[in-house]
Amino acid sequence: AQKITQTQPGMFVQEKEAVTLDCTYDTSDPSYGLFWYKQPSSGEMIFLIYQGSYDQQNATEGRYSLNFQKARKSANLVISASQLGDSAMYFCAMREGTTGYSTLTFGKGTMLLVSP
Amino acid sequence: GAVVSQHPSWVICKSGTSVKIECRSLDFQATTMFWYRQFPKQSLMLMATSNEGSKATYEQGVEKDKFLINHASLTLSTLTVTSAHPEDSSFYICSAIRQGRANEKLFFGSGTQLSVL
């Protein structure tokens with residue numbers, strides 16, 4: 001079974017609008033961490049936001065926020081006020097337990113295109 | 001600025017030749033680095049964990065003799081694709097763990113696009 005599921009292969013949004021990128025995860029480990037990365041066409045993976053399984057509040061980083069619904073095992077990324085530079089692939093990832101980044105598993109990604 | 005440098009960013013080689021990709025942590029020491037492979041429009045797949053001063057740990061299905069990893073210093077890990085074939089063409093990306101006082105963070109290189117003719 002897939003550990004990280006991103007059901008949206010592509011998303012379109014108009015500049016200045018908000019967009020939500022979906023991510024659901026599957027784990028039986030009570031301790032885990034959820035990450036979102038942005039990969040522009042240049043290839044590098046850019047860390048956006050992190051949510052720990054025991055964090056009480058949803059994570060926020062500037063225009064990025066994570067809608068963490070633990071019972072539903074979802075960790076959707078919300079980008080507010082989209083900008084043209086937000087066009088990129090977005091990957092949701094999960095790290096299980098305390099074994100470090102060697103268990104980091106990525107979803108298949110969502111391509112976001114922001115139009116003027 | 002980038003904290004992990006990966007070089008080269010792209011390489012084209014003939015079938016049967018070997019290609020070396022370097023991954024450097026620029027302002028920190030990284031005892032652990034990771035190598036991933038990414039096919040077009042696909043996710044990152046972990047190939048191996050590179051440990052400074054010891055042998056790399058390979059994921060199931062990754063050929064150790066095909067993808068040689070050397071982590072001889074705390075700032076450099078190399079991936080050598082030996083006797084490359086067209087099916088090895090892919091995007092290879094490395095990452096390094098930077099240990100902080102309270103936590104550790106993972107930083108990625110900019111990737112290497114390998115094309116084997």
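Numbers at a glance
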quantity	calculated
Residue A:71 being away from chain B (no Cβ under 11 Å) and within 26 Å of residue A:15 (Cα to Cα)	no
Residues within the range B:96-117 that are at pLDDT 95 or above and closer than 14 Å to residue B:31 by Cβ, tallied	0
Matching residues, the range B:77-117, being among the acidic types (Asp, Glu), more than 14 Å from chain A (Cβ to nearest Cβ) and closer than 20 Å to residue A:106 by Cβ	none
Members of the range A:97-115 found to be more than 13 Å from residue A:19 (Cα to Cα) and surrounded by 19 or more Cβ atoms within 10 Å (Cβ to Cβ), listed by number	A:101, A:104, A:105, A:106, A:107, A:109
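The values are calculated or read from the model by the stated rules, or taken from the named source; none is laboratory data. Computed from a predicted model, the values in this text were never measured in an experiment. No Cβ is skipped: glycine too gets one built from the backbone with ideal geometry, and neighbour counts run over all protein chains shown.
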